[in-house]
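These notes are about the structure you will find just below.
The values are calculated or read from the model by the stated rules, or taken from the named source; none is laboratory data. Just so you know, these numbers come straight off a predicted model, no measurement behind them. Every residue, glycine among them, receives a Cβ derived from its backbone with ideal geometry; neighbour counts consider all protein chains shown. These accessible areas exclude ligands, DNA and RNA; they are computed on the full protein's heavy atoms, side chains included. Shrake-Rupley method; radii C 1.70, N 1.55, O 1.52, S 1.80 Å.
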Amino acid sequence: MKILAIAGTNSENSMNKQLVAYASAIFENAEVEVVDLNPFEMPIYKHERELANGVPQEAKDFAAKIDGANLLLVSLPEHNGTYSTAFKNVFDWVSRIKDRTVWNEVPMLLMSAAPGARGGAGVLEAATKRFPFHGGNIVETFSLPFFNDNFDKTAQKISNEEKDSELREKIQKISAIESILEK
């Protein structure tokens, strides 16, 4: 199984990068690529820019990574109740590639980690509503609230046993889905 793990941020020390890396390590016998959004930085999407120059190669490269995966792990930080600007710009550019949907129906575990009690509930709600219109096949969602209390940064793992069990149960359920394994 090929897993593409995406943290929807350009932050170097993101809690969502830590969460998505941890989640991807739980899968057994998987080939994992953790994607850093920084190499996919492009000019802010603008219709006139697209008309003049087309879709940037970085957007096409990001789409190719999605297409090569059996499973997507996407962990989104919440910026003012929705996606980070870095993620949204990649999303916007990929959505402009002719004859494709952004997520191309690749099964997805959608996650968010946040320092507060809501655990990124706003961004999860926004993504859960929006992604299916762009080929998002969301199989499960997971939220890790109070990240600084529930994640051991030294061990790089969830320290809250209840939240860790919840994530592991969802991963076990996803791992059992034959269509994900067959691609």
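Some notes on this structure:
- Test result for ILE158, surrounded by 20 or more Cβ atoms within 10 Å (Cβ to Cβ) and within 19 Å of the chain's Cα centre (by Cα): yes
- First in the range 142-159 and more than 16 Å from SER14 (Cβ to Cβ) and free of Cβ contacts under 8 Å to residues at least 40 places away in the same chain, second anywhere and open to solvent by less than 90 Å² (accessible area, probe 1.4 Å) and part of a helix (DSSP H, G or I), Cβ under 7 Å, 6 or more apart: SER159/ASN150
- Unmet requirement for ILE44, which otherwise passes all of (1) out of contact with any Phe, Trp or Tyr (no Cβ under 8 Å at 6 or more places or on another chain); (2) of a type outside the set (Phe, Trp, Tyr); (3) closer than 15 Å to LYS2 by Cα: (3)
- If you check PHE151, PHE147 for being touching a Pro at 6+ places or on another chain (Cβ under 7 Å), at pLDDT 95 or above and surrounded by 15 or more Cβ atoms within 10 Å (Cβ to Cβ), only one passes: PHE147.
- Selected residue (criterion: nearest to THR141 (Cα to Cα)) from residues of the range 1-13 that are open to solvent by less than 10 Å² (accessible area, probe 1.4 Å) and in a loop (DSSP other than H, G, I, E, B): GLY8
- Close contacts from the range 79-104, counting a first residue that is among the basic types (Lys, Arg) and a second that is at pLDDT below 95, with Cβ to Cβ under 8 Å and a gap of 6+ residues or different chains, come to LYS88/THR82.
- Count - residues of the range 110-141 that are more than 15 Å from LYS163 (Cα to Cα) and basic (Lys, Arg): 2
- Tabulated pairs, the range 121-133, first under 15 Å from THR101 (Cα atoms), second aromatic (Phe, Trp, Tyr) and open to solvent by less than 10 Å² (accessible area, probe 1.4 Å), C-beta under 8 angstrom, 6+ apart or interchain: PHE131/TRP103
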